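The block underneath contains the structure these notes are about, expressed in structure tokens.
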Amino acid sequence: MSVCLMLHGLGSVPAHVPEQEKPYWISEATFAEVVSLARDAEVQLTIDDGNSTDVEIAMPALLTAGIKAMFFIPSDRIGTPHYVSEHDIQTLHDAGMEIGSHGCAHVRWTEVPDEAIAADVRRSTERLAEIIGEPVRTVAVPYGACDRRVFGVLHALGITRVYTSFSGRYMPNGWIVRRNCIKSGMTPTDIRTLVTKKDTLACKALAFLRTWRHAGRAALWTG
Ligand SMILES: [Zn+2]
């Protein structure tokens, strides 16, 4: 079982960031801690939302450490102020980073009809694929808002992996990936504990039941 961490903006929080998103921004010092842990342990890093700090802060630190991360980008934000440009996405991709979809406009898929989810995913994966010159087949669920209906739509679209906000460990070949959110205020010890603590059987059973409650049969696709 592997650990996947979910990150967002890095460094000091810019003024445009809405109040409710601020707790998800972490300092450069905390990010350095995460990177050094990821270098030493089997940890997958994922960075959501397409903030310009993806290229300004994350990429240089990742390259120095010699590790790769996945970047999930809401495609309607590309080239708008404070977010990555097409060129930034090409730079991330050329540096060996993986690019995935985070929808177009960062909407809650649980609150829109099937056709709207499908259109959101299709349009975003096509836009990103055009930029990097390769198919894009992975998604991270905006706000982690997913249920069995959302999973059904994503599966029918041929998405190969879904990165959720269900916490816990994940099977490297599973279809659903559980991710653990790193938030501001977490200490180096908190983060180290998150990465190194071994799941007991009870923890694994609880994680499965939690996923089952939201995902139904799709919970079996966690690996
Ligand atoms: Zn997001």
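Computed log10 I(q)/I(0) for region 1-130 at 0.09 Å⁻¹: -0.26, from the Debye equation with unit scatterers placed on every C-alpha and solvent omitted. Helical runs assigned H by DSSP (4 residues or longer) give the chain a calculated mean residue ellipticity at 222 nm of -11000 deg cm²/dmol, each run adding -39500 (n - 2.57) before division by the residue total. In percent, rounded to a whole number, the relative contact order of region 38-119 is 30, using alpha-carbon pairs under 8 Å and six or more apart. Need one number: the % of Cα-Cα pairs in region 67-109 sitting beyond the 11 Å mark. Percent of Cα pairs beyond 11 Å in region 67-109: 65. Working note: Karplus 6.51/-1.76/1.60 with θ = phi - 60° gives region 145-156 the couplings 7, 9, 8, 4, 5, 4, 4, x, 5, 5, 5, 5 Hz, where Gly and Pro are set to x. Other residues lying with their Cβ under 12 Å from the Cβ of residue 25 contribute a combined charge of -3, Lys and Arg counting +1, Asp and Glu -1. Quick one: Cα centre-to-centre distance for region 27-62 and region 100-121, in angstrom? Here the answer is 26 Å between Cα centres.
Directionally averaged projected area (region 144-183, Cα convex hull): 3.1 nm². Distance between the modelled labels on residue 193 and residue 212, one decimal in nanometres: 2.8 nm (7 Å Cα→Cβ projection).
Each distinct pair of alpha carbons in the chain adds a 1/r term; the inverse of their mean, the Kirkwood radius, is 17.6 Å. If you plug the beta carbon distance of residue 22 and residue 85 into 1/(1 + (r/R0)^6) with R0 = 22 Å, you get a FRET efficiency near 0.40.
Label sites at residue 40 and residue 115, each approximated as a point 7 angstrom past Cα along Cα to Cβ, lie 5.4 nm apart. Taking a straight line from the alpha carbon of residue 198, these aspartates and glutamates sit under 18 Å away, with near neighbours fewer than eight places off in the same chain left out: 40, 42, 190.
Amide hydrogen proximity for residue 71: with H placed 1.01 Å from N in the peptide plane, the residues at 5 or more positions away or on another chain lying under 5 Å are 47, 98, 99, 100. What the phi angles of region 75-85 give under the Karplus curve with 6.51, -1.76 and 1.60, with θ = phi - 60°, is a coupling list of 5, 6, 8, 4, x, 8, x, 6, 10, 5, 9 Hz, glycine and proline written as x.
In terms of overall dimensions, the C-alpha atoms belonging to region 18-76 reach 33, 23, 20 Å along their principal axes, ordered largest to smallest.
By the rule of a C-alpha distance below 23 Å, with chain neighbours fewer than 8 residues away ignored, the lysines paired with residue 22 are 183. Compute the Rg/Rh shape ratio of region 66-151: radius of gyration over Kirkwood radius, all on alpha-carbon atoms. Result: Rg/Rh = 0.98.
We did not get these values from a lab; they are worked out from the coordinates using the rules stated. Note that the structure is a prediction, hence the values are computed from the model and not measured. No Cβ is skipped: glycine too gets one built from the backbone with ideal geometry, and neighbour counts run over all protein chains shown.
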